[in-house]
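Here the structure comes first, spelled out in structure tokens, and everything after it is commentary.
The values are calculated or read from the model by the stated rules, or taken from the named source; none is laboratory data. Predicted model only: the values in this text are computed from it and were never measured. Using ideal geometry, Cβ is built from the backbone for each residue, glycine included, and neighbour counts are taken over all protein chains shown. To get the accessible areas, we keep the full protein, side chains included, count just its heavy atoms, and leave off ligands, DNA and RNA. Shrake-Rupley method; radii C 1.70, N 1.55, O 1.52, S 1.80 Å.
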Amino acid sequence: MMTLEQLKSLADAKPFRPFVLETTGGNYIVIDQENHVLFPPPDRDLIIVFAADKLVHHVTLETINSFAIR
């Protein structure tokens with residue numbers, strides 16, 4: 001399972017490098033722009049991702065199985 005800190009470090013990296021999230025359901029979500037991940041308030045765990053495929057994904061940290069930098 002991915003931590004919020006890991007995800008934030010990927011999204012905030014300078015220079016930004018696109019990355020892929022693999023969900024526990026076997027889906028792959030490609031994040032190709034740094035401003036395409038919206039983080040939850042401290043008491044929530046829903047993350048909104050605007051993926052390269054133009055779809056909006058709603059995920060929780062528990063559903064992110066792994067990640068890879070592209």
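Data table
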| quantity | calculated |
| --- | --- |
| Among (1) in contact with a Leu (Cβ under 9 Å, 6 or more places away or on another chain); (2) assigned to a strand (DSSP E or B); (3) in contact (Cβ under 8 Å) with a residue 12 or more places away in the chain - the single one LEU7 does not satisfy | (2) |
| Count - residues of the range 49-62 that are open to solvent by 50 Å² or more (accessible area, probe 1.4 Å) and either in a strand (DSSP E or B) or not charged (D, E, K, R) (or both) | 4 |
| Residue list for the range 6-26, filter: of a type in the set (Val, Ile, Thr) and open to solvent by less than 30 Å² (accessible area, probe 1.4 Å) | VAL20, THR23 |
| Close pairs (9 angstrom Cβ cut-off, 6 or more residues apart or separate chains): at negative phi in the range 17-46, open to solvent by 70 Å² or more (accessible area, probe 1.4 Å) and β-branched (Val, Ile, Thr) anywhere | ARG17/ILE69; PRO18/ILE69; PHE19/ILE69; VAL20/ILE69 |
| Some residue of the range 10-33 being in a strand (DSSP E or B) and of a type in the set (D, E, K, R) | yes |
